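Peer 1: Before I ask anything, let me first share the structure, which is written out below as structure tokens.
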Amino acid sequence: MIKAALEYINGLKAPSIERYGGGTYSDKPLYQMKSPDFPTLEMNTLESVVRYLKGIDDEREQFGEPTPTIIHIESERCVTLKDIANIAEGKRDCMVRAEAEVPRFNYGDFYDAESFNIALQSKFLHTEDKATILQVVGNLKEDAVRTMTDDGVSQVTAVRTGVATVADVKVPNPVTLRPFRTFIEVEQPESKFIFRMREGGRCAIFEADGGAWKLEAKRNIAAYLGEQLADLIESGNVVVMI
């Protein structure tokens, strides 16, 4: 009984921690305290992210939260809010994930003229080249696409120019277009595409900027958040990272 009492009393003492030879030692086992896990909030707009951050900023003093919130622009379509690294648990908590909802368009796939026309009008912002392509595709004569040269770049097609008149028109290439590819609140990047046609009036566009538009989109997102959250960024409560 005396031995058990002494062991109990010894257990009440604070652990003795020593550092030696690059290692850390304790005379008692230590157990890590787990912080509660909260589900990540799913959003679809940058406006929701801004409202969330402004809302929790009002509660920082109440909860005594001294650490900044990190906005990580992971891609042109994904923005996350994270705490600073939780060293003890070896992770970084993700509070919010915002993923842009963008129209689907299969670059490199050939569409029939009608489907291509509809997609171009509904999923791309206006540019001069878009208007030209729509004019070509909208007046396309069935089975009239032929190659003008054999270098794989230039093409001509027969289009209707009147009630019964058909004329050859050179297809523009490359073309500059602005598809909806990132959050709707920011400027949609403009980039180059290769426009091709096949017999039967089938049309396709191929991305031709090596993905540079993605970096521009991320910069546009950062600029939008920087403007909307200027006070929080200046105070150090929010950090934006690309």
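The values are calculated or read from the model by the stated rules, or taken from the named source; none is laboratory data. It should be emphasised that the depicted structure is a prediction, and the values quoted were computed from it without experimental measurement. As a convention, Cβ positions derive from the backbone with ideal geometry for all residues, glycine included, and neighbour counts pool all protein chains shown. Only protein heavy atoms, including side chains, enter the accessible area calculation; ligands, DNA and RNA are left aside. Shrake-Rupley method; radii C 1.70, N 1.55, O 1.52, S 1.80 Å.
Peer 1: Out of everything in region 110-156 that is of a type in the set (D, E, K, R), touching a Gly at 6+ places or on another chain (Cβ under 9 Å) and modelled with pLDDT under 85, what residue ends up being surrounded by the most Cβ atoms within 10 Å (Cβ to Cβ)?
Peer 2: 141
Peer 1: Continuing with the same structure: Restricting to region 193-214, name every residue that is open to solvent by 30 Å² or more (accessible area, probe 1.4 Å) and touching a residue at least 12 places away in the same chain (Cβ under 8 Å).
Peer 2: Residues satisfying the conditions are 194, 196, 198, 199, 202, 206, 207, 208, 209, 212, 214.
Peer 1: Could you run through region 99-117 and say how many residues are in contact with a strand residue (DSSP E or B) (Cβ under 7 Å, 6 or more places away or on another chain) and either in contact (Cβ under 8 Å) with a residue 60 or more places away in the chain or in a helix (DSSP H, G or I) (or both)? Spell out the reasoning first.
Peer 2: If we filter region 99-117 for residues that are in contact with a strand residue (DSSP E or B) (Cβ under 7 Å, 6 or more places away or on another chain), which is where we start, we get 99, 105, 107-113, 116.
From the residues that got through so far, the ones that are either in contact (Cβ under 8 Å) with a residue 60 or more places away in the chain or in a helix (DSSP H, G or I) (or both) too are 105, 107-113, 116.
Here the count works out to 9.
Peer 1: Could you please find all residues in region 215-232 being buried (at least 18 other Cβ atoms within 10 Å of the Cβ) and farther than 13 Å from residue 76 by Cβ?
Peer 2: Within region 215-232, 225, 228, 229, 232 meet the criteria.
Peer 1: List the residue pairs whose Cβ atoms are under 6 Å apart, where the first residue sits in region 218-240 and is closer than 16 Å to residue 181 by Cα and in contact (Cβ under 8 Å) with a residue 60 or more places away in the chain, the second is open to solvent by 40 Å² or more (accessible area, probe 1.4 Å) and hydrophobic (A, V, I, L, M, F, W, C), and the two are 6 or more positions apart or on different chains.
Peer 2: Correct list of pairs: 218/242; 222/240; 222/242.
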